[in-house]
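The values are calculated or read from the model by the stated rules, or taken from the named source; none is laboratory data. The model shown is predicted, which means the values in this text are computed figures rather than measured ones. Methodologically, a virtual Cβ is constructed for each residue, glycine included, from the backbone with ideal geometry; neighbour enumeration extends over all protein chains shown. Side chains included, ligands, DNA and RNA excluded: accessible areas come from the protein's heavy atoms. Shrake-Rupley method; radii C 1.70, N 1.55, O 1.52, S 1.80 Å.
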Amino acid sequence: MEQTFIMIKPDGVQRGLVGDVIGRFEKKGFYLKGLKLITVERSFAEKHYEDLSAKPFFAGLVEYIISGPVVAMVWEGKNVVVTGRKMIGATNPSNSEPGTIRGDYAIEVGRNVIHGSDSVESARKEIALWFPEGLSNWQSNLHPWIYE
Ligand code: RTP
């Protein structure tokens, strides 16, 4: 089944939003397959955001991501990449709808609380980068109550 990489950024961890974010994904019906609190090195943050290295905000983005611990997660479920992005909301919180994570909790694009993979291919790469040790393969017994 499809998987996505979700990261609660340092501002989300410092502000105590970890439980709320996890609760939203759990209540939706997605399965938690990987979870860790980790403070990443500069080179690791640069690798994660390498596609944005030419952007003027890249240096500030890397400083932000290494400024404190993040919560790295893998969530699994049908269409979890696209649905996860909808739950997160638009990149700039000025445009994020209320009811989304960024719409409810963020004001600035450079403090937007959370990251979610933007495609199945990015998810595959990001999961391999953040979870080289592999993932848990537990199966939920709620499956028939979530999927027809
Ligand atoms: P993310 O990768 O964090 O899920 O965000 P995204 O796909 O919605 O947006 P992306 O374009 O990949 O940008 C990555 C992160 O860079 C910061 N950003 N700052 N100052 C700016 O104009 C600006 N634009 C983007 C945001 O933290 C964004 O989430």
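Structural remarks
- Shape call, the stretch 69-148: gyration tensor on alpha carbons, a/c limit 1.5: oblate
- Between E133 and S67, the C-beta separation translates, for a Förster distance of 30 Å, into a calculated FRET efficiency of about 0.75.
- Applying 0.36 nm per residue to the separation of E76 and E41 and subtracting their alpha-carbon distance, the gain on full extension is 9.9 nm.
- Counting all C-alpha pairs of the chain, share separated by more than 19 Å (%): 51 percent
- In a DSSP loop and with at most 12 other Cβ atoms within 10 Å, the chymotrypsin sites (Phe, Trp or Tyr not before Pro) in the stretch 21-120 are F57.
- Only protein atoms count toward the accessible area here, which uses a 1.4 Å probe; on the chain, the carbon and sulfur part of that area reaches 53 percent.
- Cα-based shape type of the stretch 1-51, given that a ≥ b ≥ c are square roots of the gyration tensor eigenvalues and the cut on a/c is 1.5: oblate
- Backbone N atoms of the stretch 14-40 closer than 13 Å to the 7 Å Cα→Cβ label point of L142 belong to residues 22-33.
- With protein chains left intact and a 1.4 Å probe, residues in the stretch 95-148 average 67 Å² of accessible area per residue.
- Label zone at R111 (point 7 Å along Cα-to-Cβ), backbone N below 15 Å, the stretch 1-40: 9-17
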